[in-house]
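First comes the structure, then the notes that go with it.
The values are calculated or read from the model by the stated rules, or taken from the named source; none is laboratory data. Fair warning: this is a prediction, and the values are worked out from it, not measured in the lab. Because the Cβ atoms are built from the backbone with ideal geometry, glycine has one as well, and the counts that use them run over all protein chains shown.
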Ligand code: PMP
């Protein structure tokens, strides 16, 4: 059991000592103390299905032994010396990252965050073109520094300071945009801005390939191809912000820009080192699998353990895991009362009677799969090691890199041995575990099920996305597309109660962002959709 400070104490300290601009989700903020694969645990031991991955950061799950090993092994040898000396880790990682890029995108700069990556990209664009004007999309998020706040186009984030020489063009949002999915009309708006708001020359254009904070908005098909052509004609370079969409998350492609059939001049990314997932064997030992929600008993007062079909052995049990309080009918008849917990009931095959009710509910069921042998006990190295390497990168062409060479470009922590070793291992894990294909399969299942739900619930105005980058937009009126802001906030709280954490986004905070760790399974998707179905039905 967790023995550290509880939520109230942490919140009080945070209020006293951290800036008031920090925000948190939930009326009673969650104190998350542990993460394993696609699960997070709070200070009471309650388990949550994490469908937001620390703001789309933990790519393949919380705490992967291979990544942890790589980080730990490197930490023991050398943590930091900077790039004034040689070290193989940064070189190996740069080589591996470049190998994932098309054509001549082969020169890598390491930084520490997405904001820094976009700052550097903007500098490159201005130096390469000799112009200042940048073009960005409305509804975008590119960072929190002065320059990148200029690129960002969501009033919630913008401080009223000079953010110079930025033009925000119409967002090619197929659901809300004035031109629907007509990419060419949105592209004309870019030409208009160049013609009427600049000297006719620009430094560059930047876009997320699916907007993240803006609410999982996929750009109208064909848009980037048209705009890249316009921008290059005006002397500018094209930047793809892959902070959220990269590394196979979209399922169909490794990079988001590939979904639009373009090749940028500069690609920015971050969060790529923050992926950790547990070995499946370990996951089985520590986590009760997220199980398909079979039926929520009509009687909301039904208590955990109630016999609901006694003659057939079904009971109400807590399937939210560790006290999440989601009541479902057990999938299989329960073990007979005379079988004691821990009894070997099919000893040779490893099945035992176990407590499936979570935390003392005392429900005895036969284990679904054979239990691990004692020598497969959890490795204590996997416990309690935080992950979240600060790591960002900019990849560009030798031509643009040569312009940067007129001065020294230095970043003290960028690409330090520990982050590079972790980042390289992340790339390997994503390949070895075939996460891109997995995202495609689980994502299309999730989107399909959400579209079914949309047919039954008027409040779901739009379901969109690709792979495990999914948005659900809630509206109070489908025709007017009136943002259902208050209802979205209620649903967020309700899902949390049911043991599911999702992200919220969009200018009107009426979009759920489903961007889980890439180890998220079809069962998890079903659990999320069923919980959402239940939550909406209770609105
Ligand atoms: N670009 C995009 C698309 C982002 O979503 C974010 C942050 N979520 C950033 C840039 C900035 O990244 P960071 O918070 O690491 O500075």
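Per-structure values
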quantity	calculated
Residue 503, sole failed condition from (1) outside the structural domain of residue 24 (by TED's automatic domain parsing); (2) more than 30 Å from residue 96 (Cα to Cα)	(1)
Of the criteria (1) touching a residue at least 24 places away in the same chain (Cβ under 8 Å); (2) not in a loop (DSSP other than H, G, I, E, B), which one residue 402 fails	(1)
Filter result for the condition that a residue is more than 30 Å from residue 430 (Cα to Cα) and more than 16 Å from the ligand (Cβ to nearest atom), over 204, 251, 180	180
Residue within the stretch 479-498 that is surrounded by 23 or more Cβ atoms within 10 Å (Cβ to Cβ) and more than 24 Å from residue 139 (Cα to Cα) present	yes
Residue ID - farthest from the ligand (Cβ to nearest atom), chosen from residues in the stretch 187-201 that are over 17 Å from residue 140 (Cβ atoms) and touching a residue at least 40 places away in the same chain (Cβ under 8 Å)	199
Residue ranges of helices (runs of 4 or more DSSP H) in the stretch 73-161 with at least 3 members closer than 29 Å to residue 187 by Cβ and modelled with pLDDT of 95 or more	114-129, 146-151
Index of the failed condition, residue 122 passing every other in (1) within 16 Å of the ligand (Cβ to nearest atom); (2) within 24 Å of the chain's Cα centre (by Cα); (3) touching a residue at least 40 places away in the same chain (Cβ under 8 Å)	(2)
Top-ranked residue of the stretch 1-37 - restricted to ones that are surrounded by 14 or more Cβ atoms within 10 Å (Cβ to Cβ) and within 25 Å of residue 510 (Cβ to Cβ), ranked as farthest from the chain's Cα centre (by Cα)	29
Where residue 104 falls short, out of the listed (1) in contact (Cβ under 8 Å) with a residue 12 or more places away in the chain; (2) closer than 19 Å to residue 418 by Cβ	(2)
Considering residues of the stretch 210-248 that are away from the ligand (no atom under 16 Å from the Cβ) and not in a helix (DSSP H, G or I) only, the residue nearest to residue 172 (Cα to Cα)	220
Any chance residue 27 is out of contact with any strand residue (DSSP E or B) (no Cβ under 8 Å at 6 or more places or on another chain) and free of Cβ contacts under 8 Å to residues at least 12 places away in the same chain	no
Sole exception among (1) touching a residue at least 40 places away in the same chain (Cβ under 8 Å); (2) more than 16 Å from the ligand (Cβ to nearest atom) for residue 76, by number	(1)
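For every residue, the table says whether it meets (1) outside the structural domain of residue 206 (by TED's automatic domain parsing); (2) in contact with a helix residue (DSSP H, G or I) (Cβ under 6 Å, 6 or more places away or on another chain); (3) more than 12 Å from the ligand (Cβ to nearest atom).
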position	(1), (2), (3)
136	no, yes, no
142	no, yes, no
156	no, no, yes
166	no, yes, yes
